[in-house]
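Here's the structure, in structure tokens; my notes come after.
The values are calculated or read from the model by the stated rules, or taken from the named source; none is laboratory data. Because the structure is predicted, anything quoted here is derived from the model rather than measured. Every residue, glycine among them, receives a Cβ derived from its backbone with ideal geometry; neighbour counts consider all protein chains shown.
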Amino acid sequence: MTDACPTAGTADEDCPWFELTARDGKTAARAGVLRTRHGSVVTPAFMPVGTQASVKSLTPDEVRRTGAEILLVNTYHLMLRPGVDLIKAADGVQRFMSWDGPILTDSGGFQVFSLAHRRDVREVGVRFRSHLDGSSWQLTPESAIDLQLAFGSDIIMPLDDVVGYQSTADEQRAAMELTHRWLARTVEHVRHVRQAIHGAEPRLFGIAQGGFTPHGRAISAHVVAEAPVDGCAIGGLSVGEPKPLMSELLTASIEYLPDDRPRYLMGVGSPEDLWTAVALGVDMFDCVHPTRVARRGGLFTRRGRVNITASRFRAAFTPVEEDCDCDTCRTFSVAYLHHLFRSRELLAYRLASIHNLRFVQREMARMRTAIQEGTFGSAMSAFLDGYQAADREAAELQRYRRQARTGSRGEAPW
């Protein structure tokens with residue numbers, strides 16, 4: 001899609017920052033375009049995660065060739081290392097990592113949630129200990145924004161309080177209400193600092209939480225919808241709840257979000273979940289899932305995810321998928337990938353990540369085309385009928401066994 005607006009990042013009646021270009025007639029799927037100061041992004045869009053200003057093992061050019069137009073980088077990790085002063089000295093995170101497209105930064109809330117034993121959440125913000133050296137740090141709604149502005153982000157996120165699926169109803173309600181109060185502080189802080197921002201301003205999203213009941217989700221979505229924000233994120237899902245419940249809660253959130261602002265489902269990236277969430281009206285996604293499972297030998301195909309380390313691939317001299325146009329499939333055989341993983345060669349992680357990211361971007365392109373053509377429902381059915389989703393219980397058991405065997409969190413050995 002060629003964007004008719006000549007200047008990225010402008011927003012007026014002719015070139016709004018977010019514009020819907022097509023809707024599917026039988027589902028809530030929609031296609032559009034985001035315009036940022038570092039370029040336009042067609043939606044529905046998937047953002048690869050560059051946790052520490054790097055999509056693990058890949059160069060920015062390799063990421064771009066998978067079809068990615070926007071990346072997510074992580075405020076928590078960049079704050080700890082290399083630090084905001086160095087990134088400012090490099091003239092922003094895009095220059096620092098040599099990525100020439102838009103960047104969305106998260107606020108660090110989810111990473112702090114994952115450090116439950118090291119954090120202390122209070123009204124002023126959250127105090128936590130670094131997973132690197134145990135040093136004490138604090139994030140507030142205001143400091144989270146200041147960090148993201150210093151990074152030069154195109155889309156910025158407010159600090160939120162995330163709870164897991166095992167949390168109590170009282171904990172879920174308290175976290176939601178704190179998230180709402182933090183959002184109000186964030187909006188006021190952004191309003192206050194705007195006069196110091198030169199050029200096109202970054203876009204601020206609000207984050208709808210609400211725990212694990214449709215009623216809570218509706219309340220939080222309504223609060224975010226009423227806030228003066230440029231987009232609406234949906235957080236606190238895919239944190240252990242069953243997938244049918246996730247779909248129910250997502251539906252409850254979307255019902256109360258405005259139609260004219262982009263909707264961003266945070267932390268979801270399984271191919272089947274992308275299709276079903278787009279059908280409900282989601283525009284943006286991010287997740288480490290495609291690259292994380294790639295580094296463990298899990299490669300996406302139209303039939304489902306395969307374990308490339310299985311013995312049946314030892315002498316398979318074909319691409320992972322015959323019709324895949326990624327650099328990996330155009331150059332290397334399954335047998336070679338099998339060999340790399342069995343030998344623990346670092347190239348394995350790079351080639352597998354390229355394939356999985358390209359697979360996801362091809363699916364996003366198929367979704368956009370189907371929306372434009374009014375055939376999204378049938379395209380989604382064809383995909384889901386042929387795609388065998390990974391068994392969550394089996395995956396959890398496999399992760400438990402790996403952790404017990406290695407004493408680690410199961411990450412790739414580098």
(message) Among (1) touching a His at 6+ places or on another chain (Cβ under 6 Å); (2) free of Cβ contacts under 8 Å to residues at least 60 places away in the same chain; (3) surrounded by 22 or more Cβ atoms within 10 Å (Cβ to Cβ), there is one condition Gly269 misses while meeting the rest; what is its number?
(response) (2)
(request) Test each condition in (1) free of Cβ contacts under 8 Å to residues at least 60 places away in the same chain; (2) under 16 Å from Gly216 (Cβ atoms) for Ser143 and report the one that comes out false. (result) (2)
(request) Filter the stretch 164-180 down to residues that are assigned to a helix (DSSP H, G or I) and of a type in the set (S, T, N, Q) and give me whichever is surrounded by the fewest Cβ atoms within 10 Å (Cβ to Cβ). (result) Gln172
(request) Give the stretch 85-108 a look and list any residue that's out of contact with any Phe, Trp or Tyr (no Cβ under 7 Å at 6 or more places or on another chain) and crowded, with 18+ Cβ neighbours inside 10 Å, or say none. (result) Gln94, Phe96, Met97, Trp99, Gly101, Pro102, Ile103, Leu104, Asp106, Ser107
(request) Name the residue, out of Leu104, Leu72, Leu159, Leu149, that is in contact with a strand residue (DSSP E or B) (Cβ under 9 Å, 6 or more places away or on another chain), part of a helix (DSSP H, G or I) and touching a residue at least 40 places away in the same chain (Cβ under 8 Å). (result) Leu149
(message) Anything in the stretch 366-403 that is of a type outside the set (D, E, K, R), in a helix (DSSP H, G or I) and at pLDDT below 95? List them, or say none.
(response) Ala394, Ala395, Leu397, Gln398, Tyr400, Gln403
